[in-house]
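S.K.: Submitted below is the structure of interest, expressed as structure tokens.
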Amino acid sequence: MEIRHLKLIKAIVEEGSITKAIDKLHLTQSALSHQLKEAEYQLGTPIFLRTNKKLVLTKAGEKIYELANEILNKLTETESQIKQMVFGEYGEIRISTECFSSYHWLPSVLKQFHLLYPNVELKIVTEATHIPLQKLLENTIDIAIVSDTIKDNHIKYTELFQDEVVVVISENHPWAGKKYVVAEDFVNEHLIIHSLPMETVTIHQYFLAPAKVSPKKITPLPLTEASLEMVKADMGIMSMAKWALQPHIKNNPIKAVKVGKNGLKRKHFIATRANETYPDYFQHFINFLQNEINLQWNI
């Protein structure tokens with residue numbers, strides 16, 4: 001018997017009818033009937049009993065079906081192993097972050113990784129944004145990129161990079177001559193943020209809230225470009241990662257001002273499930289992220 005005969009028998013049993021088996025195997029009815037007769041001729045005994053327009057396995061058929069499962073599963077496993085040897089590892093990595101600003105740099109890095117590991121599918125799970133650690137623990141994602149960590153024995157953190165958050169103002173803003181701003185400077189300002197709640201906003205969490213300062217007005221605006229246009233028009237100020245601001249600051253009438261005398265620094269981490277054994281390509285991906293970001297931004 002040939003592999004095609006085993007696939008045929010398996011399809012008839014599992015699809016439950018000749019018609020469905022025809023669709024699955026992309027055969028004509030005459031071709032399927034011919035192959036089935038071939039298989040029964042090779043065995044010298046019927047594989048199916050035809051009762052009430054249904055095909056029921058004979059005792060010999062049950063043995064062949066059991067063998068078909070064993071051989072075809074082993075064949076699939078071996079093919080996968082050979083492909084892995086030749087083309088690299090196969091799999092997927094589901095990723096999310098705690099804020100949308102990370103999606104400015106993440107896709108380009110993922111593209112570079114995909115060139116090296118074309119058989120590893122990278123999925124950005126945007127619905128997990130803002131709550132990536134929760135989704136990590138729920139196994140909705142495999143990797144969370146965060147700066148706001150929580151203590152949990154089920155989560156392992158690997159440092160990714162450190163960046164600096166600055167305040168973006170127009171060139172005509174009263175702060176334009178300042179070397180840095182303090183929390184009290186924000187009392188009469190209109191602060192434009194990416195999204196609520198405020199507890200997820202870095203400048204509030206680590207700078208304004210500890211000083212018990214709240215800006216006069218706060219506006220959530222999820223589009224970075226729109227926020228920058230408002231800043232240029234002297235309609236507000238915003239906070240932003242220094243590296244993310246660089247492409248915008250060159251040709252626009254805006255300035256970056258340091259937050260606090262020592263600057264507002266934050267670390268970003270890759271979070272994974274602590275008690276899970278990940279495939280090797282996960283560690284390759286983590287190492288790639290660290291190296292690629294350091295090369296791109298020299299941070």
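The values are calculated or read from the model by the stated rules, or taken from the named source; none is laboratory data. This structure is a prediction, so every number in the text was calculated from the model and none was measured. Note that each Cβ is placed from the backbone with ideal geometry, even for glycine, and that neighbours are counted across all protein chains shown. Accessible surface is based on the protein model in full, side chains and every heavy atom, while ligands, DNA and RNA are left aside. Shrake-Rupley method; radii C 1.70, N 1.55, O 1.52, S 1.80 Å.
S.K.: Quick one: if you stick a label point 7 Å off each Cα along the C-beta vector at Q134 and N262, how many nm between them?
M.R.: 3.3
S.K.: Then there is this: From the phi angles alone, apply the Karplus equation (6.51, -1.76, 1.60; θ = phi - 60°) to segment 283-294 and give each ³J(HN,Hα) in whole Hz, x where the residue is Gly or Pro.
M.R.: Running phi through 6.51 cos²θ - 1.76 cosθ + 1.60 with θ = phi - 60° gives 5, 4, 5, 4, 4, 5, 4, 4, 5, 5, 5, 4 Hz.
S.K.: Under 5 Å between amide H atoms, partner at least 5 residues away or on a different chain: which partners does H130 have, H built in plane at 1.01 Å?
M.R.: T97, E98, C99
S.K.: Enumerate the calculated ³J(HN,Hα) couplings along segment 198-204 in order (Karplus 6.51 cos²θ - 1.76 cosθ + 1.60, θ = phi - 60°), each rounded to whole Hz, writing x wherever the residue is Gly or Pro.
M.R.: Once θ is set to phi - 60°, the couplings for segment 198-204 become 4, 4, 8, 8, 4, 5, 6 Hz.
S.K.: For K232, give me every one of the lysines with a C-alpha distance below 16 angstrom, ignoring sequence neighbours fewer than eight places off in its own chain.
M.R.: K250, K255
S.K.: Stretch M235-E276 to full length: gain in nm at 0.36 nm per residue minus the Cα-Cα span?
M.R.: Working: separation 41, 0.36 × 41 = 14.76 nm, distance 4.84 nm.
Result: 9.9 nm gained on full extension.
S.K.: Excluding ligands, DNA and RNA, what is the solvent-accessible area per residue of the chain at a probe of 1.4 Å, expressed in Å²? The partial results should precede the final answer.
M.R.: Working: 17130 Å² over 299 residues.
Here the residues of the chain average 57 Å² of exposed surface.
S.K.: For n ≥ 4 DSSP H runs only, could you compute -39500 (n - 2.57) per run for the chain, divide by its residues and tell me the 222 nm figure to the nearest 500?
M.R.: Working: 9 runs with 117 residues, N = 299.
Rounded to the nearest 500, it is -12500 deg cm²/dmol.
S.K.: What does the convex hull of the Cα atoms of segment 1-76 come to per residue, in Å³, rounded to a whole number? Present the calculation step by step, with values, prior to reporting the outcome.
M.R.: Working: hull volume 6.2 nm³, N = 76.
Given the Cα convex hull of segment 1-76, per-residue volume reads 81 Å³.
S.K.: Here's something else I'd like to know. K265: which aspartates and glutamates have alpha carbons under 15 Å from its alpha carbon, excluding same-chain residues fewer than 8 sequence positions away?
M.R.: D148, E159, D163, E164
S.K.: Quick one: if you stick a label point 7 Å off each Cα along the C-beta vector at V182 and A60, how many nm between them?
M.R.: With each label placed 7 Å out from Cα toward Cβ, I get 9.5 nm.
S.K.: If you don't mind, there's one more thing I want to ask. How about segment 103-176: which trypsin sites (Lys or Arg not before Pro) there are in a DSSP loop, with at most 16 other Cβ atoms within 10 Å of their Cβ? Present the calculation step by step, with values, prior to reporting the outcome.
M.R.: Values: sites: K111, K123, K135, K151, K156; in loops: K151.
Listed in order of number, the matching sites are K151.
S.K.: Provide the packing ranking of 262-269, 138-145, i.e. peptides ordered by the mean count of other C-beta atoms within 10 Å per residue, highest first.
M.R.: Details: 262-269: 15.2, 138-145: 19.1.
Answer by packing, highest mean first, reads 138-145, 262-269.
S.K.: A further question on this structure: Please get the size of the charge dipole for the chain, origin at its Cα centre, with Cβ charges of +1 on Lys and Arg and -1 on Asp and Glu, quoted in debye to the nearest 20. Don't jump to the answer; show the numbers that get you there.
M.R.: On the way: 34 positive and 34 negative charges, 49 e Å.
Charge dipole of the chain: 240 debye, to the nearest 20.
S.K.: Okay, next question. Carbon-plus-sulfur fraction of the accessible area of the chain, 1.4 Å probe, in percent? Walk me through the numbers before you get to the answer.
M.R.: On the way: 8950 of 17130 Å².
Carbon plus sulfur share of accessible area: 52 percent.
S.K.: If ligands, DNA and RNA are left out, what is the accessible area of S80 with a 1.4 Å probe, given in Å² to the nearest 10?
M.R.: Approximately 60 Å² for this residue.
S.K.: Here's another thing I want to ask about it. Here are several values of Kirkwood radius over Cα pairs in Å: [x] 24.6; [y] 20.6; [z] 24.0. Which one was derived from the coordinates shown?
M.R.: Read-out taken from this structure: [z].
S.K.: May I pose another question? Which lysines, if any, have their Cα less than 23 Å from the Cα of K123, not counting same-chain residues under 8 positions apart?
M.R.: Candidates past the 8-residue exclusion: K83, K111, K135, K156.
S.K.: Amide H neighbours of L122 under 5 Å, at least 5 residues apart or on other chains, H built in the peptide plane: list them.
M.R.: I93
S.K.: A follow-up question, please. With everything on Cα atoms, drop me the angle between helix 106-116 and the longest principal axis of the chain, reported from 0 to 90° to the nearest 10.
M.R.: Relative to the chain, helix 106-116 is tipped by roughly 40 degrees.
S.K.: Tell me which residues come under 5 Å, amide H to amide H, from L264 once H is placed; ignore anything under 5 positions away on its chain.
M.R.: It is V165, V259, by chain and number.
S.K.: Next question. Pop out the ³J(HN,Hα) list for segment 33-42 in order, Karplus 6.51 cos²θ - 1.76 cosθ + 1.60 with θ = phi - 60°, rounded to Hz; leave Gly and Pro as x.
M.R.: Along segment 33-42, the couplings run 4, 5, 5, 5, 5, 4, 5, 5, 5, 4 Hz.
S.K.: Once you place label points 7 Å from the Cα toward the Cβ at S33 and N251, how far apart are they in nm?
M.R.: 7.1
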